[in-house]
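The structure that follows is given in the form of structure tokens.
The values are calculated or read from the model by the stated rules, or taken from the named source; none is laboratory data. Note that the structure is a prediction, hence the values are computed from the model and not measured. Ideal geometry is used to build each Cβ from the backbone, glycine not excepted, and the neighbour counts take in all protein chains shown.
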Amino acid sequence: MLATVLQQFWLTQSIKLLAAEKRRAVDHQYGLILNKLQTQTRRHQAMSKVALGVAALTATRTEFDLLKESVKLLREELGIDRVGTFLIEHKASRYHGIFGTDDQGCYRDESNDYYPYTQLDPRFLSVLSNPNSWFHLVTDITLYHLQQPIGHGWNAMVVLRNESLEPLGWIAMDNLLTQKPFDNDIQEALEVFAKTVSRILVEIRHNNRVRMISQALQLMSQARNSLEICRQAVEISVSQLDIDRIGIFLPCDTDPDLLLGTYGVDTDGVIREESYFSMPYPKTPLFDQAYANPNTLVLMNDVPLWHDRKIVGHGWNAAIALSVDNQLIALICADNLLRQRLLSEHQHELIQLFTRNFGEMLARLRGQEKLEKLNKTLEERITERTKELQSLNQRLAQAARTDSLTQLYNRRAYEEFIQECWQTHQGQLPITLAVMDLDGFKAVNDQLGHQVGDEVLRLFSNLLRETFHHPSVRIARLGGDEFAVIMSDREPPSHLALLAQIITEFELKTAQRFQDLSVSIGAASVVPNAEMNTDSFFSLADQALYQAKASGKKQLVVYPLAQNDPAWMINL
């Protein structure tokens, strides 16, 4: 009986123990479920807060405002002690702050705080270089403010990346103020937040670049020549499109098989004028595609990169053949030699947009230059032709006023000169007119022929030129063997010696060959006045010549200044 009671007792106790164990198991499982639910709740709450905050972030228009609101959202909604935002300057190998929290938990503008890239903790550098990493946490690390240590705690980074997963910057967080441990339940929300901020940041930069490119294109529209607009295009490509190297080549106007350099970027990243450079049209798969698809950016990865006909590295190489009306106006080449960065989708779109507008402006400018060059050439030809016509007219005018045999002035020129002198010397200084006639010339012509006669006339003409070389003296052949000399550069008496010298010199030059050949001269000197004219003036000199020939020839007869005074004669 007792045994039965004990057996029943232990059976009852075993049942109770088994039930308690099951209850504990159930309670444990229930506790795990509660923890999971609480974790999911916290994650959901964090995600909800991020989602609500993102709506405000999308309304920002500048990088500063975006990152400022990001800092406030993480602190005020997710309860993080300190938050700071940083952007990377790849070309300068540094990073700088934007907006953050100081060591007292106060917000501050940190846009003037710059740091060398090498100062960053290697663990964080490794995260930045890993395109698949968006979040990193170090649980025990020295905390800093303005490069000064201020405590210990955990430090976390969420990375901001572009569409090519290249790092743009990061958001830093720590627990300096409260020393609360990091809440792992918000990590997923932080990663989503970082990706969202990255997308907005890329969009803001894209919009800013579009605006800056629009402004730059307006500036480029004022370029004076194609070389200047190419320089501006290279500068904008480097500063606004973030391209490592770019070069622009133009078709040669004088050689259809050549391209000429304009401006480009060298292997050190320096923009240089390259107008010295020329090359045949490149024939490679890259450029063949560019020629076949004008106005379209063609890209090839992992290809040799060139500079001045030498391979200087490997990377992506891009080309675009700008064409207007099926005519190539420029060939643009670009690569990533300096930083080896991938070409993002945004960059690709911006390059297409920019080069399309650049091509249109360049085409207009090149057309203007060609038109100006054509006009200039036409003007030069017109000027040259005008000069030729003027020269021809001058020669014709000179020929019309020149005696063809002696190359002295003819009677027509004499009439012009005597009228000019008469007008310019009215009531002033006297002018002297000497009329000459060769004695015995008809006999030479008749006996020895006209050829010898022409020789005598040329000899006498040369003698006149040698004697009267002052620029104001005019010598003319009036016809046959009659000559005239107009003198206005000195007083009349000073002319007498020269006139007398003519008679003597001519006799010396002809005496051996021609015995009866001499010259008679009649001269008159008057001050031009209204009571006389050039015809009456010539009559005085002609009368003096007649008197010289009538008095035995080889004589100089000169009328005095007073018309009524008798003429005086020099008998040589």
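Need at least 2 residues that are surrounded by 12 or more Cβ atoms within 10 Å (Cβ to Cβ) and at pLDDT 90 or above per element, so show me which strands (runs of 3 or more DSSP E) inside segment 476-572 make the cut, counting only ones lying wholly within it.
Where strands (runs of 3 or more DSSP E) fall fully within segment 476-572 and carry at least 2 residues being surrounded by 12 or more Cβ atoms within 10 Å (Cβ to Cβ) and at pLDDT 90 or above, they are 482-487, 518-526, 555-559.
Cβ-Cβ distance below 9 Å, separation of 6 or more or different chains: which pairs start in segment 504-517 with a residue that is assigned by TED's automatic domain parsing to the domain that holds Gly440 and β-branched (Val, Ile, Thr) and end on one that is modelled with pLDDT under 90 and assigned to a loop (DSSP other than H, G, I, E, B)?
Listed by first residue and then by second, the contacts come to Thr504/Leu572.
Same structure again: Look at segment 386-401 and say how many of its residues are aliphatic (A, V, I, L, M) and within 39 Å of the chain's Cα centre (by Cα).
So the answer is 1.
Which of the residues that make up segment 417-449 are surrounded by 13 or more Cβ atoms within 10 Å (Cβ to Cβ) and without any contact (Cβ under 8 Å) to a residue 40 or more places away in the chain?
Result: Glu420, Asn445, Leu448.
Where in segment 104-198 are there strands (runs of 3 or more DSSP E), lying wholly inside it, with at least 1 residues that are in contact with a Gly (Cβ under 7 Å, 6 or more places away or on another chain) and either surrounded by 14 or more Cβ atoms within 10 Å (Cβ to Cβ) or of a type in the set (Phe, Trp, Tyr) (or both)?
Where strands (runs of 3 or more DSSP E) fall fully within segment 104-198 and carry at least 1 residues being in contact with a Gly (Cβ under 7 Å, 6 or more places away or on another chain) and either surrounded by 14 or more Cβ atoms within 10 Å (Cβ to Cβ) or of a type in the set (Phe, Trp, Tyr) (or both), they are 107-109, 135-145, 148-161, 167-174.
Taking strands (runs of 3 or more DSSP E) that fall entirely within segment 226-329, which contain at least 2 residues that are in contact with a helix residue (DSSP H, G or I) (Cβ under 8 Å, 6 or more places away or on another chain)?
245-251, 258-265, 271-273, 298-307, 310-324
Now for a separate question. Say whether the condition of being free of Cβ contacts under 8 Å to residues at least 24 places away in the same chain and either under 44 Å from the mean Cα position of the chain (by Cα) or closer than 29 Å to Gln148 by Cβ (or both) is met by at least one residue in segment 46-63.
yes
Looking at Asp288, Asp266, Asp325, which is the one that is under 27 Å from Lys91 (Cβ atoms) and charged (D, E, K, R)?
Step by step, each of Asp288, Asp266, Asp325 is checked, and only Asp266 is under 27 Å from Lys91 (Cβ atoms) and charged (D, E, K, R).
With respect to Asp266, determine if the residue is surrounded by fewer than 15 Cβ atoms within 10 Å (Cβ to Cβ) and not assigned by TED's automatic domain parsing to the domain that holds Ala92.
no
Considering segment 202-225 alone, what residues qualify as being in contact with a helix residue (DSSP H, G or I) (Cβ under 7 Å, 6 or more places away or on another chain), among the small types (Gly, Ala, Ser) and at pLDDT below 85?
Ala216, Ser221
I would also like to ask the following. Among the candidates Tyr114, Tyr30, Tyr95, Tyr107, which residue alone is in contact with a Phe, Trp or Tyr (Cβ under 8 Å, 6 or more places away or on another chain) and at pLDDT below 90?
Tyr114
Of the numbered conditions (1) closer than 19 Å to Ser344 by Cα; (2) in contact with a Leu (Cβ under 9 Å, 6 or more places away or on another chain), Asp302 fails exactly one; give the number of that condition.
(2)
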